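Visitor: This is the structure I want to talk about, given as structure tokens.
Bear in mind these aren't lab numbers, they're just calculated from the coordinates by the rules spelled out. Being a predicted model, the structure only gives us computed values, none of them experimental. Reconstructed Cβ throughout: ideal geometry from the backbone, glycine too, with neighbour counts over all protein chains shown.
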Amino acid sequence: MSATLTNARVAMSGISKTFGAVQALRDVKLTLNPGEIHTIAGENGSGKSTLLKILGGVIQPDQGQISIDGQEQVFPDVRSAMKFGVTVVSQELSLVPHLSAAENVFLGHNQARNKFGISWADTNKSCSTLLKRLDLDLDPSIQVGSLSHNRQQLIEIARALSFDTRVLLLDEPTSALDPNEVDSLFRVMRQLRDEGVAVVFISHRMREMLDISDRYTVLREGQFIDTAPASDVDANWLLDRMVLQRAGKHTTVKSAATTKPIVRVDDLKDKFGAVNGVSLEFFPGQITGMAGLAGAGRTELVETIVGFRPRHSGQVFVNDQWVAPTPKAMMHAGVALVPDDRRAKSNFLEMSVRENLTIAMHNVALAKRSKSKESKIVKEWVEKLRIRTQDIDTPIKNLSGGNQQKVIIARCLQINPKFLILDEPTRGIDLGAKAEIYELLRNLANDGLSILAVSSELVEIFEISQRVLVMHAGVITADLTREEATEQRVVAAATGEGNG
């Protein structure tokens, strides 16, 4: 497809943006054509989300021009952009939890009316039609706050589809979706492309980028690096432009030296029926990966282990000592969890990087804490995990999603846990940082830490795990060594077809 400005749906040029001392974008250009799926690739902090927010009217550039169909435009707010058919789906959900799915999808626009006001029957019908395009069979009157994160993500996308969209901006729309849901979204994206919509896609999953894209633009450290059609692009082309330093040979995890488990889970059930009698053992120096489809009960299991989710029955032992089913007791016993949804479950958005990272420090009264000692600890973790922040007292909400995730991982590690659980550990983290996190986990395992990593990405599980668990319908359907864990066997167990 031609990238000439004469037939471009969108032409952005000279786009620059600073946040305090951080230069987020510097003289960036982007051309979007109608009938094209265009991936913007780059590491965390490269400026991808900032560029989309500028095009969507969420924030304004310091410099630069935006043209729509050859006419220069200024978008002072989101509604101004939407008038020209530009709709953005942010990686951070903006739904109203206490409203229904239909109310969220049509909030403020396009609600069917009759002589009595809003026709809820017609509104719900229109919502159902949009949800079915995403293969989501859902009662449109259901309260959004009661839904899982992945279903909320699909409702956010359905809301974008409810507009007369000519430019659809999708910022990590697949981060909370299982493979079947990703396939449904990709089908809709291709349909929109064939209808002439310009679709922009951001993802940190290489396979997704290569599967869906017609054209690529790469940003690095806030600057335009290159653009090319899909016919000229492969994984090496992207990595060479995205990552300044390619990862070298990684550390090999040594075999666990002991057969005595550090953590034992006995017949665990949660109060809501999502976890149905799980018994497991976890060993020092071992990385265990857990696979399964959305709704299998993986998140519910780890939240039940750490006491965040109420138990119906069952027990957890650390070093043969029973631990009370509360988060505080688990933390004192050396069990730490990096949750799946950092915005809802981890981050204190108005607090600083320093405060977020050190908030799990226990046994130290707030009045007795030393800010200088805390700052030293935080700076060490910022350097170790390459957390990109203006300074450690910057509010965490100002960091990119991947950098926020690194802060949460550092928070868990600085309490020196015996058992570290990571639920979707690299969600929203770029390819270069993923390699760093994997290497960190390997080194921690070699130091004797027991690690459980729950992931929707089989590639990730196979990359880091010595042992692979598979969950389906609230039970463990397979417990495999890495050598036994083939993709076919894991998928069969995840769908309830395998025999473990």
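Visitor: Can you give me the Kirkwood hydrodynamic radius for segment 42-197, using every pair of distinct Cα atoms, in Å to one decimal?
Guide: Hydrodynamic radius (Kirkwood, Cα only) of segment 42-197 equals 16.6 Å.
Visitor: Additional query: What list do you get for Leu192, Leu431 if you sort them by fewest beta carbons within 10 Å?
Guide: So the ranking, lowest neighbour count to highest, is Leu192, Leu431.
Visitor: Does segment 160-209 come out rounded, prolate or oblate by the C-alpha gyration tensor, with a ≥ b ≥ c the root eigenvalues, rounded set by a/c under 1.5 and, if not, prolate when a/b is larger than b/c and oblate if not?
Guide: Taking the square roots of the gyration eigenvalues as a ≥ b ≥ c, segment 160-209 is prolate.
Visitor: In segment 264-334, what is the volume of the convex hull around the alpha carbon atoms, normalised per residue and reported in Å³?
Guide: 84 Å³
Visitor: Helix 179-194 versus the longest principal axis of the chain: what angle, 0 to 90°, nearest 10, using Cα atoms?
Guide: Computed tilt is about 10 degrees.
Visitor: Would you mind calculating the relative contact order of segment 5-242 from Cα pairs under 8 angstrom and at least 6 residues apart, reporting the percent as a whole number?
Guide: 28 percent.
Visitor: Local charge sum around Ala485 (other residues, Cβ-Cβ under 13 Å, Lys/Arg +1, Asp/Glu -1)?
Guide: -3
Visitor: Apply the Debye scattering formula to the chain, with a single equal point scatterer on each alpha-carbon and no solvent, then give log10 I(q)/I(0) at q = 0.12, 0.14 Å⁻¹.
Guide: -1.18, -1.51
Visitor: Could you tell me which of rounded, prolate or oblate describes segment 123-183, using a ≥ b ≥ c as the square roots of the eigenvalues of the alpha-carbon gyration tensor, with rounded for a/c under 1.5 and, failing that, prolate when a/b is larger than b/c and oblate otherwise?
Guide: oblate
Visitor: Tell me the mean residue ellipticity at 222 nm calculated for the chain from its helices only (DSSP H runs of n ≥ 4, each -39500 (n - 2.57), averaged over every residue, nearest 500).
Guide: Computed ellipticity for the chain at 222 nm equals -9000 deg cm²/dmol.
Visitor: Going by alpha carbons, how many degrees (0 to 90, nearest 10) lie between the helix axis of 120-133 and the longest principal axis of the chain?
Guide: Tilt relative to the chain: about 70 degrees.
Visitor: Note down the magnitude of the dipole of the chain about its Cα centre, charges +1 on Lys and Arg C-beta and -1 on Asp and Glu C-beta and zero elsewhere, to the nearest 20 debye.
Guide: 1280 debye
Visitor: Straight-line reach only, C-alpha to C-alpha below 16 angstrom: list the aspartates and glutamates that Lys328 could link to, leaving out same-chain residues fewer than 8 apart.
Guide: The reachable aspartates and glutamates, counting only those whose Cα sits under 16 Å from Lys328, are Glu303.
Visitor: For the residues Val335, Val318, what sequence is obtained by ranking on other C-beta atoms within 10 Å, fewest first?
Guide: Val318, Val335
Visitor: Additional query: Rank the residues Val233, Val86, Val58 as a footprinting-exposure proxy: fewest other Cβ atoms within 10 Å of their Cβ go first.
Guide: With the sparsest Cβ surroundings first, the list reads Val58, Val233, Val86.
Visitor: Could I ask something else about it? Compute the angle between helix 149-161 and the longest alpha-carbon principal axis of the chain, please, reported from 0 to 90 degrees and rounded to the nearest 10.
Guide: Tilt of helix 149-161: around 0 degrees.
Visitor: Assuming a ≥ b ≥ c are the square roots of the Cα gyration tensor eigenvalues, decide whether segment 188-313 counts as rounded (a/c under 1.5), prolate (otherwise, with a/b larger than b/c) or oblate.
Guide: Oblate, since a/c reaches 1.5 and b/c is not below a/b.
Visitor: Between segment 417-441 and segment 312-353, how far is it from one alpha carbon centroid to the other, in angstrom?
Guide: 17 Å
Visitor: Another one. Could you tell me which of the pairs Lys376/Lys434; Lys17/Lys53; Lys48/Lys397; Lys345/Lys406; Lys345/Lys397 are separated by over 18 angstrom between their Cα atoms in the structure shown?
Guide: Listed pairs above 18 Å: Lys376/Lys434.
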